[in-house]
Amino acid sequence: MRILYLIIFTTFLFLVPKTIRAQKMIGDIVYKASVPKSFSLLKKQKGVKTSEAVKNTTISLDNAIKKNIGKISYKLVFNENEAHYKLNSTLGSDEGFGIEAAKIATGAFSSYYFNIPNNQVLKQTEAYGQLFLISSDLNARKWILTQESKTIGSYLCYKATSTLVTKNSVGTFYKPVIAWYAPKLPVPYGPNGYGGLPGLIMQLKERNITFYVSKLTLNPKKEIKIRRPTKGKKVTQEEFEKIGEKSKLNFVKMRN
Amino acid sequence: MKKLILSMVFVFAFVTVTPTSANSTLNTNTAYVDCVQQAIDTQNRYEAAGMSKERANHYANLTYEACVNQQ
């Protein structure tokens, strides 16, 4: 009987602190993004012609993104139930072409709200002259968890992979997504709307842009306020895609 | 607000190419038409590269604004 009590007591000792830690998981994270020197928005594609104007535009955009991406940061504030991710600041820069290009590249036109009890991610995005609210399931994304690991900061992180599926006017495209998450930070949040992993995403590579944690503050003294976004036209992802297509058709009609 | 203005390129483009403008602005309007075409081409080409409609549209709007500013 004594042994049984000892086992129960020991188990209690191990479990309780973990539970308390999980309940107090509040954080304030700054994410930044980087691109490789070889970064380009376009690559040569067989059977796809690129006009000189678009080639020149792309060169300008590529250079602007490479030059300005370091000036942009995103903030993720979270507690054990909710999180909010949005553009933080553009360091000492005016809002010119370069900064705008880098903002588009990193997705500054959208912010994301996560709600664990409701298993929900709300994307608030400015597009086609309107503000939208698009809801999706937090666990909708399928991740493949691997045993590959590396240390980021002082956290042991594991690699998870997924696929970014993009449906547009031309077709459906599949691109790999690689995330490194820290199980010691057991919250399912991350940059750019990515989440649903058994730990905070410390690094994420989507297309050829890498998002990484540049500052992590756990249990900050300053109170964290997480507000669920309410402004914007509520649509499903499918409805949003249709609106995009309609806007484009209207534009072409205007042009003709 | 600026983002809203940027995303309204379609509307501006329509206004600027409307043939009710004075004759003196004809050359400028032709330039605007080129900018509109460049924006359309950018959006189409970026979508062909697998970019989302939304992101391609943001780049097209930025391209349009830069083009108009250079006129």
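The values are calculated or read from the model by the stated rules, or taken from the named source; none is laboratory data. Bear in mind that the values here come from a model prediction, so they are computed numbers and not experimental data. Neighbour counts run over all protein chains shown; Cβ positions are idealised from the backbone, glycine included. Surface accessibility is based on the protein's heavy atoms, side chains included, excluding ligands, DNA and RNA. Shrake-Rupley method; radii C 1.70, N 1.55, O 1.52, S 1.80 Å.
Which one of A:Glu223, A:Glu148 is more than 14 Å from chain B (Cβ to nearest Cβ), touching a Lys or Arg at 6+ places or on another chain (Cβ under 8 Å), among the charged types (D, E, K, R) and over 20 Å from A:Tyr128 (Cβ atoms)?
A:Glu148
Just give me the residues in the stretch A:23-39 being among the hydrophobic types (A, V, I, L, M, F, W, C) and in a loop (DSSP other than H, G, I, E, B), in sequence order.
A:Met25, A:Ile26, A:Val35, A:Phe39
In the stretch A:146-158, which residues are within 22 Å of A:Ala83 (Cβ to Cβ) and without any contact (Cβ under 8 Å) to a residue 24 or more places away in the chain?
The answer is A:Ser154, and nothing else.
Quick check on the stretch A:246-254. Is at least one of its residues touching a Leu at 6+ places or on another chain (Cβ under 8 Å) and in contact (Cβ under 8 Å) with a residue 40 or more places away in the chain?
The answer is no, given that none of the residues of the stretch A:246-254 is touching a Leu at 6+ places or on another chain (Cβ under 8 Å) and in contact (Cβ under 8 Å) with a residue 40 or more places away in the chain.
Residues checked against (1) within 18 Å of A:Tyr212 (Cβ to Cβ); (2) open to solvent by 30 Å² or more (accessible area, probe 1.4 Å):
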site	(1), (2)
A:Ile29	yes, no
A:Leu61	no, no
A:Lys71	yes, yes
A:Tyr74	yes, no
A:Asn81	no, yes
A:Glu95	no, yes
A:Lys103	yes, no
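Name the residues in the stretch A:91-116 that are facing chain B (nearest Cβ under 9 Å), within 14 Å of A:Tyr74 (Cβ to Cβ) and assigned to a helix (DSSP H, G or I), would you?
A:Lys103, A:Ile104, A:Ala105
Go through the residues of the stretch A:152-162 one by one and say whether even a single one is assigned to a strand (DSSP E or B), exposed (fewer than 15 other Cβ atoms within 10 Å of the Cβ) and of a type in the set (Gly, Ala, Ser).
no
Scan the stretch A:163-217 for residues that are among the aromatic types (Phe, Trp, Tyr), more than 25 Å from A:Asn118 (Cβ to Cβ) and buried (at least 22 other Cβ atoms within 10 Å of the Cβ) and jot them down.
Matches in the stretch A:163-217: A:Trp180 only.
Taking the stretch A:117-139, which residues are in contact (Cβ under 8 Å) with a residue 24 or more places away in the chain, open to solvent by 40 Å² or more (accessible area, probe 1.4 Å) and not in a strand (DSSP E or B)?
A:Pro117, A:Asn139, listed by residue number.
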